[in-house]
1. What is the extension gain from Glu355 to Asn54, computed as 0.36 nm multiplied by their sequence separation minus the C-alpha to C-alpha distance, in nm to one decimal?
2. Run the numbers for Glu205 and Ser272: contour at 0.36 nm per residue of separation, minus the present Cα-Cα distance, in nm.
3. Within region 210-244, which residues have the backbone N less than 11 Å from the label spot 7 Å out from Asp164 along Cα→beta-carbon, could you tell me?
4. Of Gly149, Gly190, Gly271, which has the largest mean-square fluctuation in a 10 Å C-alpha GNM of the chain?
5. Placing unit charges on C-beta atoms (Lys and Arg positive, Asp and Glu negative, everything else neutral), compute the dipole magnitude of the chain about its Cα centre in debye, rounded to 20.
6. Between Lys33 and Ser156, what FRET efficiency follows from the Cβ-Cβ distance if R0 is 35 Å, with the result rounded to 0.05?
7. Around Phe319, under 9 Å between beta carbons, what's the net of Lys plus Arg minus Asp minus Glu among the other residues?
8. Across the Cα atoms of the chain, what radius of gyration and what greatest pairwise Cα-Cα distance (Dmax) are found, in Å?
Amino acid sequence: MHILMYRWRAYNYKDIEQTFLALGHTVDNIEQKLGSYDVSPEFERVIEEKIRQNTYDFVFTVNYFAVISNVCMRCGVKYVCWTCDNPLISMYHESVFYPCNYIFTFDQTNYLEFKAMGVEHIWYLPLAVDTNRIDAILAQAPHKNKYAGDISFVGSLYERNSYDKLKPQLPEYLQGYFDAVMEAQINISGANIIESMLTADVLEELEHYFTLEKSPGSFSDLGLIFQTTVLGFKIAAVERRRALIELCKNHRVHVYSNSDVSDLLRIQYCGSVDYWSEMPQVFHASKINLNFTIPNIKSGIPLRIWDVLGSGGFLLTNFQAELPYYFVEREDLVCFDSIEDMHKKADYYLSHEKERREIARNGYRKVRQHDYRDRIETILRTIEEGE
């Protein structure tokens with residue numbers, strides 16, 4: 001097959017591209033700047049010209065772009081995407097119903113939602129990891145102990161979030177309500193309550209202070225936008241900071257991030273790390289790796305979990321509803337249901353090395369069964385059967 005792949009900032013596009021090539025397909029790339037996920041005339045011109053000058057079996061992207069679906073529909077070419085974020089505001093667009101689409105989503109809740117809307121060409125497909133690539137990186141690592149540590153966290157602390165900018169404009173009762181909603185969400189593991197708490201009355205009041213901007217063709221609403229782009233990131237900021245502060249009271253915690261951690265005095269700030277060459281070394285060398293799934297991901301397993309386990313790292317994570325589909329808790333990884341529980345389990349596994357190492361080995365063996373080759377073959381088989 002001849003595939004046109006739009007590259008953007010998704011971490012896993014290289015693994016996907018390499019898998020296409022390993023399976024004998026050819027891949028052309030396009031790296032045009034995208035002004036909007038929904039409407040971008042210059043981008044549309046470039047990609048449509050590329051499609052019409054060549055013969056492609058399909059266009060592929062990581063995550064869904066309404067603007068690309070529109071172009072593919074006009075050109076009569078299949079559009080295939082595989083999501084790694086949820087919810088994707090761009091999916092709440094009339095283009096999602098086009099017959100040219102083949103949408104694969106890593107979050108089963110997302111799949112069920114769009115299936116119930118009447119979207120026919122959508123399938124549930126969890127993410128994956130290339131353990132062979134990671135094994136090669138670890139084998140060639142020049143400084144085996146450079147990233148060694150007790151507890152490590154790799155990721156954003158979301159200190160620059162839109163809720164902090166909006167909050168001073170809100171009346172005190174709305175501030176208190178949203179603070180209570182976020183506090184409740186932080187203390188509930190494995191479920192998302194934000195959507196149900198944004199009632200019609202609350203949203204009607206919020207309209208006076210928050211402007212909803214969306215493109216023609218979009219059917220996203222205030223509740224979706226606010227819970228995702230505002231409250232979701234603020235909750236992640238609060239939860240991650242609290243957890244790191246709590247762990248730092250008794251443990252040496254390394255943070256690899258672009259975020260400002262100047263107020264976290266006991267943190268061992270290590271700067272950011274390259275996803276491809278350095279991050280697997282962090283996961284492999286750390287005794288405990290932390291994962292905090294942003295509440296926007298309702299049930300799916302984020303890429304970070306696959307990456308940690310694929311690096312042979314021990315994972316301490318919040319619970320996600322889909323984890324039991326693929327992993328056994330306390331055999332392949334360990335889940336926490338609160339910051340206090342996380343602290344207790346970090347204490348325990350730091351002092352039980354044999355048990356910790358065995359869990360990490362089990363997790364690694366388990367994710368080897370979920371590689372990109374299997375996932376891409378599933379995508380290609382589904383497309384063929386859908387013709």
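Nothing in this text is a laboratory measurement; each read-out follows from the coordinates by a stated rule. The model shown is predicted, which means the values in this text are computed figures rather than measured ones. Reconstructed Cβ throughout: ideal geometry from the backbone, glycine too, with neighbour counts over all protein chains shown.
1. Here the answer is 102.9 nm.
2. Working: separation 67, 0.36 × 67 = 24.12 nm, distance 4.00 nm.
Extra length from Glu205 to Ser272 when fully extended: 20.1 nm.
3. Residues passing the 11 Å test: 234, 237-238.
4. Gly271
5. Using only the charged Cβ atoms, the result is roughly 1380 debye.
6. Values: r = 22 Å, r/R0 = 0.64.
Here the calculated transfer efficiency is 0.95.
7. On the way: positive: none; negative: Glu329, Asp337.
Taking every Cβ under 9 Å from that of Phe319, the sum is -2.
8. Calculated on Cα positions, Rg and Dmax stand at 21.5, 62 Å.
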